[in-house]
Each structure stands twice: as structure tokens, then as C-alpha cells.
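The values are calculated or read from the model by the stated rules, or taken from the named source; none is laboratory data. Just so we're clear, the structure is a prediction, and the values are computed from it rather than from any experiment. All Cβ positions, even for glycine, are placed from backbone atoms using ideal geometry, and neighbour counts span all protein chains on display.
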Amino acid sequence: MSKLHHIIAATDLSPASLQAVDRGFDLASRADARYTLIHALGLDALGPLRNLLGDDAEIVAAKALQRQYEAMAAIAGDAARNRGVIAELKVEAGLAQFFVPAFAASVAADLVIVGAHGEGALRRLLLGSTASHLLRRSTCPVLIVKTPCSSHYTRALVAVDFSPASLAAIRMARKIACRADLLLHHTFDVPFEGMLQYAGVSQEVIHGYRAEARERALHRLHGLAAEAGLDRSHYTVMVEHGDAARHIADAQRRHGCDLLAMGKHGTHVTEELLIGSVTRHVLAECDVDTLVVVDPRPAALLPAGAEEEFV
């Protein structure tokens, strides 16, 4: 299986974002990968700053950029956290949500890492703005870090909906959690089950349909694992019926998974709207690092309704 070649971590130098920086150092060290740290000041073309400071705006901006570069250099040079990795540093005046995905695409990065902001009720309302924008705009896998990097991942849950993003999520989870046990999780519904119940079809018949759907899903999970190059000893499968978001969050906690991975269907005209309900719920409810991998297909090629499932 191929390894990571170029990792990017976006940081605003806050404690939460430095957890993402530390995870990036850990992954870059393990993969012997190129590592770039990015900090964007959010000055956005200096317009508001120029209105406030006039001709001094350029000087103030240059000083701010230099000061932040020095702060980044101090972090990157800290032997207690860099694990021997020499990081490349980029400090930009603009907005992270625009610059980071554009830069990641320009260098064909394998992974973008960002910290999650917001605790408790706040996180339930809105993921940190940089992470949220990255999820909507990035064509590169995004790892949202919520926990300190104390060790490598030990158990990863991959939420599978059998789209191409699911295969990509399994492969990327294996890259960043090479020592972890993988739990491949799928939630299913029986087509037209509500209509069947309304029509008076017996529960015994409906349960039979569920059992058939479960067996098909188990077979597909093992086939997908084989396509991803997994040995049967390295993963387990779980198939549940009902609410995907609830089952994913429950399974993560029940099985002690310290990494979640799931697919995001390709960017399209609705990218500025809220990310879909399953991903939004999981990001809000689960306090572990979450990997979101983009479906490589254009939106026009997705099955009807697919963009609503995990995006």
C-alpha cells in the first residue's frame, strides 16, 4: 500500500490547532513524508487594515507576517514536538479557508490536518470555521484533530456507504493508522420498509428482508476490504439497521475507536451550505480525530441522493 508523501497542517497557533501540528509531525515522521505548516493571518487583501491605518497598513502587515513566521519557526524547531522532522513553513496574509485548499491542490498534498474548535454545545452548532470551510472546499482528505497526539492510533472505525469515497477512506485510514485495527461499519435500510409496514406486511417478512440486506452488506464489506488490500486479520465488520449517524457515534464509543474515517461526496454547487447530516452529527457527537475523504467522482456522476448521505 502506498504511503503519505506530503502532509499539510493548518494552524492559527492556538492550543487546539497545535494538537493538529503535533499529529502532523507524528505522521510525517512515521511516513518519512514532506511536511508543511501553514498559518494564515486572515488580513484578506489588507482592505480593512488599510482603511484603519492608511499608508502604514503595509508596514504593519509585514511586521505581523514576520512575527508569526518567527512563532511558527519556534514551534517547528522544538525538538520535543518535531520528532526529527524538518517542516516547511508558510505564513500568508489571506484567509485560511481559501488559501489552504488551493495550496494543497497546487502541491498535490495527500492530507490536510486541522484542529477542531468549539467545545460542548458550541461544537454542536458549528465546527471551527477553518475546518468547516476545508470540509466543503477541499479535494484532499482532511483530518480534524480533537485530541492530543500521545501515541499512534490503535483502533479506527471507517463508516462505509459503498461509494468510491468509502474505498478511499479505508485506504487513507490504513495510511495514517497503519498499526490500528480497522472496524468497517455500515448502516442499512430496507427499501420501502415504511411502505411495507403501512401496507400491513408482517414483521416476520420485513425481518426476513432485513436479514437478507444484512447478509448482502456483510458480503460487500468483505469484498471492499479485499479491494482495499486488507488482510482478514486486520479488520472486523459491523452492519446495523437504522440511523447511520447514531450507530456510527455509538459504535465509536462502544469499541473504543480513537479515529473515525468517512467519505465526503465531491464538491458541487451546494458546497457553501451545511455539510450533510451524518457527517455533521458525527463531528458534533464524537470526541475523537475524524478523517474525511472526498469522493473522487464529479457530483454529476453520483447516484441520486448520494451527496446527502455523508457530505
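For this structure, a couple of remarks:
- Cross-chain or 6+ apart pairs with Cβ under 8 Å, segment 91-107 first and crowded, with 18+ Cβ neighbours inside 10 Å, then aromatic (F, W, Y) and at pLDDT below 90: E92/F99
- Which listed residue, of I176, I113, I144, is among the β-branched types (V, I, T), touching a Ser or Thr at 6+ places or on another chain (Cβ under 6 Å) and modelled with pLDDT of 90 or more: I144
- Pick from segment 182-203, criterion buried (at least 16 other Cβ atoms within 10 Å of the Cβ) and within 24 Å of A249 (Cβ to Cβ), ranking: modelled with the lowest pLDDT: V190
- Residue match in segment 256-277 (condition: at pLDDT below 95 and more than 24 Å from A104 (Cα to Cα)): yes
- Just one of the listed residues (G47, G24, G54) is modelled with pLDDT of 95 or more and assigned to a helix (DSSP H, G or I), namely G24.
- Residue pairs whose Cβ atoms lie under 6 Å apart, separated by 6 or more positions or on different chains, with the first residue in segment 145-171 and under 14 Å from R220 (Cβ atoms) and the second part of a helix (DSSP H, G or I) and among the polar types (S, T, N, Q), are V160/S166.
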